[in-house]
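Engineer: Dropping the structure in here first, questions after.
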Amino acid sequence: MFDKLYYIFHSSVKSGFGHAERASFLLSASVLFYSYSLYFVIVVLTKSRVFNTTAFYILFGAFGVGIIYGASKYFVGTGRYRRIIDKYGSPRLLTKGKRFLYRFISFGLFLGAFVAFIASGITLARYLNPW
Amino acid sequence: MSIKPTIPFVGLLAAIFFAVCSVVLFFSAFATMGTQLLSAFMLSISIFALLLIDHSYMSIDFNGRVLQLSGFFKVRRMKIDINSICGYEIHQRVDEFNSLHNMLVLVLGNGKRVVFPKIAYANYLLIETFFEANIKFMGYRPLRFADFFKKWVPIVTFISGLLALLVALQKNCYNKQTKGSGLGGLQYSETLDTWLTAAGGVAGAFESGSAIGTAQSLRSISFSTAKTGLKVTKGLGTVGLVLSGLVATHEVVTGQDNTHTWVDVGVTALGIGAVAVIGTAALPAVAVIGLGYGIWSAAGGSDWIDSNWGYRKPK
């Protein structure tokens, strides 16, 4: 599933300098912000407390850096992206319709991650400090 | 021939951590029977870790007839005549450091086995070559469900570590929070907010600069320079993005969030999205707009957004 997802992002990103890296970054940034949103939603749904300590922020940041670097290492560092392209075919050979669909999915997922982050963030803010 | 093991940083750190915890607990002013028992337990874990290191990270010396193995702390010492060795086996193993790999196991005449973990040696190929040349090969033992373990061992290790940290934090923070008043009792750290925002902005600006520099001089620079440029860009981009999420979370948790918080996140998302869609050609515009927005918002733009479209009264 992740391979296909990466392929969709790879096919959507404009080719050029650091193509594979940019695709990996876009995919991992989406996963990261969906994860943050999920955490916010869980806090609200379970009526939990939220940490406000340095350790929490370090962990929060380390998780983000870990996801982005992990994805980069997994897809680009190991050369997996080449095997994925071999498996699904070159993005250049995609039909116009398919390319449009992939772009729609990838940018939808990417922007959706930030929209989810903002929506869940506002929900959390309302739960913690109502206005 | 002599082969030295690597330094077991992770194992040593774990052993030191448990030893320090044990000493702190033992000499704690509030020490009870329970804490002293916990201290003894932690000390035993530390000793066990040290013995495990000694057992696994062995120096190998061979003088043509005798194979001499000595532990990392020289506790374990073995002198084995090459004629008394039955042979060696290759076992397939999975761990979070080397994923799926082969491990060498020496089978001695008395039935004992000596394991040579891959993590303990920087040049494992050297040991493999030595075994192949001097000792009889007794067989290969593949790991059952190898693909399953290969995939899930690193994931489970990572998630367990993360959960353990979360539980520790949860317990640590529980008593520090104001009971019954949500999070009203938490303090907002303006210094932390300012530093995180500034660091995120600087990282973003340098990221764009590095990307532009590398992309525009690709034809005139060497492959390694381009690779370094890409690494710097990736690092700064990661820092900028993560800090953007951190700043927003810090503001939400401390009740300082407002419309400007989400506009900042939106600008970051659009910047990254523009570079992905348009490609490197968008970098100069993204750099200028991003930096301009950062300076404007630090100079009072954020307050302006909040006072005009804010969902809560600006503080």
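Engineer: Answer yes if at least one residue in the stretch B:111-121 is in contact (Cβ under 8 Å) with a residue 40 or more places away in the chain, crowded, with 17+ Cβ neighbours inside 10 Å and assigned to a strand (DSSP E or B), and no otherwise.
Structural biologist: Yes, the conditions are met somewhere in the stretch B:111-121.
Engineer: Which pairs have Cβ atoms under 8 Å, sit 6 or more apart or on different chains, and link a residue in the stretch A:37-57 that is on the phi > 0 side of the Ramachandran plot to one that is β-branched (Val, Ile, Thr) and modelled with pLDDT under 80?
Structural biologist: Here the result reads none, with nothing in the stretch A:37-57 linked to a residue that is β-branched (Val, Ile, Thr) and modelled with pLDDT under 80.
Engineer: So, in the stretch B:285-310, how many residues would count as being at positive phi and under 34 Å from the mean Cα position of the chain (by Cα)?
Structural biologist: Total satisfying the criteria: 0.
Engineer: Please state which one of A:Gly108, A:Gly66, A:Gly61, A:Gly89 is under 15 Å from A:Tyr6 (Cβ atoms) and either free of Cβ contacts under 8 Å to residues at least 60 places away in the same chain or aliphatic (A, V, I, L, M) (or both).
Structural biologist: Sole residue among the options that is under 15 Å from A:Tyr6 (Cβ atoms) and either free of Cβ contacts under 8 Å to residues at least 60 places away in the same chain or aliphatic (A, V, I, L, M) (or both): A:Gly89.
Engineer: If you don't mind, another one. Which one is surrounded by the fewest Cβ atoms within 10 Å (Cβ to Cβ) among residues in the stretch A:114-129 that are of a type outside the set (D, E, K, R) and more than 8 Å from chain B (Cβ to nearest Cβ)?
Structural biologist: Among residues in the stretch A:114-129 that are of a type outside the set (D, E, K, R) and more than 8 Å from chain B (Cβ to nearest Cβ), the one surrounded by the fewest Cβ atoms within 10 Å (Cβ to Cβ) is A:Ala119.
Engineer: If you take the residues in the stretch A:1-19 that are among the hydroxyl-bearing types (Ser, Thr, Tyr) and more than 10 Å from every other protein chain (Cβ to nearest Cβ), which one is nearest to A:Phe75 (Cα to Cα)?
Structural biologist: The selected residue is A:Tyr6.
Engineer: A further question on this structure: Given the conditions (1) touching a Gly at 6+ places or on another chain (Cβ under 9 Å); (2) farther than 22 Å from B:Gly266 by Cα; (3) at the interface with another protein chain (Cβ under 7 Å from one of its Cβ atoms), which single one is not true for A:Ser72?
Structural biologist: Here A:Ser72 meets the rest and fails (1).
Engineer: Do any strands (runs of 3 or more DSSP E) lying entirely in the stretch B:1-108 carry at least 3 residues that are touching a residue at least 24 places away in the same chain (Cβ under 8 Å), and which ones are they?
Structural biologist: Working: elements: B:59-62, B:66-70, B:77-81, B:85-95, B:99-108.
By residue number, B:59-62, B:85-95, B:99-108.
Engineer: Looking only at the stretch A:8-63, filter to residues that are aromatic (Phe, Trp, Tyr) and not in a helix (DSSP H, G or I); which one of those is farthest from A:Ile84 (Cα to Cα)?
Structural biologist: A:Phe51
Engineer: Give the stretch A:20-65 a look and list any residue that's under 21 Å from A:Pro130 (Cα atoms), buried (at least 21 other Cβ atoms within 10 Å of the Cβ), more than 7 Å from chain B (Cβ to nearest Cβ) and in contact with a Phe, Trp or Tyr (Cβ under 7 Å, 6 or more places away or on another chain), or say none.
Structural biologist: Within the stretch A:20-65, just A:Ser37 meets the criteria.
The values are calculated or read from the model by the stated rules, or taken from the named source; none is laboratory data. Model, not experiment: these values are computed from the prediction. Every residue, glycine as well, gets a Cβ built from its backbone with ideal geometry; the counts of neighbours run over all protein chains shown.
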